[in-house]
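What follows is calculated from the coordinates using simple rules that are stated; it is not laboratory data. No experiment lies behind these values; they were computed from the predicted model shown. Glycine gets a Cβ as well: all are built from the backbone with ideal geometry, and neighbour counts include every protein chain shown.
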Amino acid sequence: MSIKTEVFDVAIVGAGFAGMYMLHRLRQMGLTAIVFEAGDDVGGTWYWNRYPGARCDAESLAYSFSFSPELEQEWEWSERYAPQPEILAYARHVSERFDLRRDIHFETRVTSAHYQDDSLNWHLETDKGHSVVANFCVMATGCLSVPQLPDIPGVQDFKGNFYQASMWPHDPVSFKGQRVGIIGTGSSGIQAIPVIAEEADHLTVFQRTPNFSVPAKNEPLDQNWVDEFKKHYRAHRENHKVGNGSGFGDLNIEPREGPIEPVLRSQLTDEEATQILEDAWESGGARFMGAIGDQLMNEEANRFAMEFVHRKIHETVKDQETANLLCPTNHPIGTRRICVDTDYYETYNRKNVSLVSVKDNPIEKITEHGVMVNGEVTELDTLVLATGFDAMTGALLNIDIRGKEGLLLSDKWHAGPRSYLGIAVSDFPNLFTITGPGSPSVLSNMLVSIEQHVEWMIDCLTHMKKKDLKVIEAQPQAEDRWVSHVNDVANMTLFPKGGSWYLGANVKGKPRIFMPYAAGVGAYREVCDEVTAKDYEGFTFH
Ligand code: NA7
């Protein structure tokens, strides 16, 4: 049977926030587009990550679309940090409000995307038998969408209830009366552990590397505060876009004007620096990492913040041996993504929670009934894995993507991702990556970065339409310069010392390259705007 090939201006892979906004803007431009999405609903990361305690680590009023002033005024967030079901409801609301669903094919995975050298367009195929030709292909595949299973022998042998944080069932899961074990103490584990501990008979946490976590200080939003904040929403949104920060803004009713001048550790006495950290700890959230301006640049400033958090852990956790195990010492604070928690360290004071360090004695195997460490099996009714993702490149490399002359993206990226601005890849004409490696992406408020990329791409497509240009391609020299600039910026920071998924360090055989661009969303936006102003410098059109 021959498959009918459908033709579109643009094919989009993924219907998370990036894919949805891209579709909306393309429609406004009058272009035809089709979206393929593996899940049976919109929402991307918020569709898949339904584990107990899952919530955003960026504040609700900042982690939301800014493109529609009506949407931002009308949507009501309930808490300072929105829980996963509420963000998913928001994504669904956006999809309905802007009538996006009719162009999205759900439960459909794109298996291949091949550039056609003769017709200068892309041919995509899916696991549901679609065959699509599009002038442009936009990858909105997310940075954390390919779960990483640990290479522990016997994972399949476990006979009890088995869950993965990032593939959580849609039906409610009960831990009542159960002996539960969890492997993984990154953001997902740190959010899930306190919630599971409340319900389980006993929870055993298997920790390889402790992570730094700061209290979220989550709370219900006060309606009067929200009403006042929303009066200044436009100005707040502008603030998110500037400076060398991550695009999270501040919580003042009256937004500050322009970027904040950072206070450096060398300008502060120990008492002043401690007070600044204390204030940041008390007000809660990941902003702790920006409390002292050079915490991520300067070893001494970082050590000061590390010691501060170590003291907090020791003050909170009663058993000092457990506190010792929970204190990270092998990486500068913030160089692995800082976790934002509710009662994480407090949870270790519960009688029904035990911590097993598997740093020096790795998990030997998973048996039918539990987890074996040091020859001893901890028997479990339920095992939860929160073992992370093949971040940033995983979702792209899982698709058979071929550029000019059949060049495989996985071959081009064999030594790590190479991209111009994190937007385009040389030898892969008319292919765009939203929040791709080489852009601020995971170091930023993702919604700010998604909107910026989509808007840049829409401007570019409008330019091409006006000038009747068919093909855009990143120049290899511009790509080389950008890749080395991304590396140079990373090397000015402490990030490369973190050994985290930012570097691909959590995936066996993955090249160790610091993937996101660390200069901040404002500086990055300036670079992209300058490229546009200089008639798309670094790109070739034909
Ligand atoms: P992370 O941050 O990558 O955490 C994964 C955790 O799983 C981490 O603690 C790992 O320890 C642990 N892990 C992985 N393999 C093993 C084995 N074999 N044995 C023991 N422990 C293991 O993923 P998350 O999902 O928590 O968070 C990812 C991002 O999502 C987060 O930063 C937010 O941006 C949202 P390791 O550190 O490798 O020693």
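Brief remarks on what is shown
- Computed extension length for Q28-L149: 39.5 nm, one decimal, from 0.36 nm per residue of separation with the Cα-Cα distance subtracted.
- The residues neighbouring Y502, those whose beta-carbon lies less than 13 Å from its own, together hold a net charge of +4 under the Lys/Arg +1, Asp/Glu -1 convention.
- Qualifying GluC sites (Glu not before Pro) in the stretch 1-110, DSSP loop, other Cβ atoms within 10 Å at most 15: E76, E107
- Cross-link partners for K312 among the lysines, with Cα-Cα distance under 21 Å and sequence neighbours closer than 8 places in the same chain left out: K217, K351.
- Neighbour-count order for W281, W122, fewest beta carbons within 10 angstrom listed first: W281, W122
- C-alpha long axis of helix 270-283 to longest principal axis of the chain, angle in °: 70
- Longest to shortest principal axis, alpha-carbon extents of the stretch 475-542, angstrom: 40, 26, 14
- Farthest toward positive dipole pole in the chain [+1 Lys/Arg, -1 Asp/Glu at C-beta], among A424, P215, S119: S119
- Mean-position separation - Cα centroids, the stretch 459-495 and the stretch 113-190, in angstrom: 28
- If R0 is 22 Å, the Cβ-Cβ spacing of Y233 and E261 corresponds to a FRET efficiency of close to 0.35.
- A Cβ-based charge dipole, computed about the Cα centre of the chain with Lys and Arg at +1 and Asp and Glu at -1, lands at about 940 debye.
- Within the shell defined by Cβ-Cβ distances under 14 Å, the residues around D117 carry a net charge of -1, with Lys and Arg each +1 and Asp and Glu each -1.
- Normalised contact order of the stretch 475-542, rounded percent, pairs of Cα under 8 Å and 6 or more residues apart: 32
- Rounded to 10°, Cα long-axis angle of helix 17-29 versus longest principal axis of the chain: 20
- Cα-based reach from K230 at 16 Å (exclusive), listing lysines while leaving out same-chain residues under 8 positions away: none
- Nearest-20 debye value, the stretch 475-542 charge dipole, Cβ charges on Lys, Arg, Asp, Glu: 560
- Mean ellipticity per residue at 222 nm, deg cm²/dmol - from DSSP H runs of n ≥ 4 across the chain, formula -39500 (n - 2.57): -9500 deg cm²/dmol
- DSSP beta bridge pairing in the chain, given as percent antiparallel to the nearest 5: 40
- Extreme residue, positive dipole direction of the stretch 475-542, given options G538, N506, Y517 (C-beta unit charges): N506
- Taking 25 Å as the straight-line reach from the Cα of K365, the lysines in range (excluding those fewer than 8 positions away in the same chain) are K159, K508, K510.
- Simple spin-label estimate for D40 and D157 in nanometres, 7 Å along Cα-Cβ: 3.4
- Dividing the mean sequence gap of close Cα pairs (under 8 Å, 6+ apart) by how many residues the chain holds gives a relative contact order of 20 percent.
- For the pair R92 and K128, a Förster radius of 22 Å applied to the C-beta separation gives a FRET efficiency near 0.50, rounded to the nearest 0.05.
- Surrounding net charge for I193, when Lys and Arg each add one and Asp and Glu each subtract one, Cβ distance under 13 Å: -4
- Ranked by the mean number of other Cβ atoms within 10 Å of their residues, highest first, the peptides 419-425, 100-106, 199-205 fall in the order 419-425, 199-205, 100-106.
- Cα-based helix-to-principal-axis angle, 476-491 vs the chain, degrees rounded to 10: 20
- Between L268, N491, V317, the Cα set farthest toward the positive side of the dipole of the chain (charges on each charged residue's Cβ, about the Cα centre) is that of N491.
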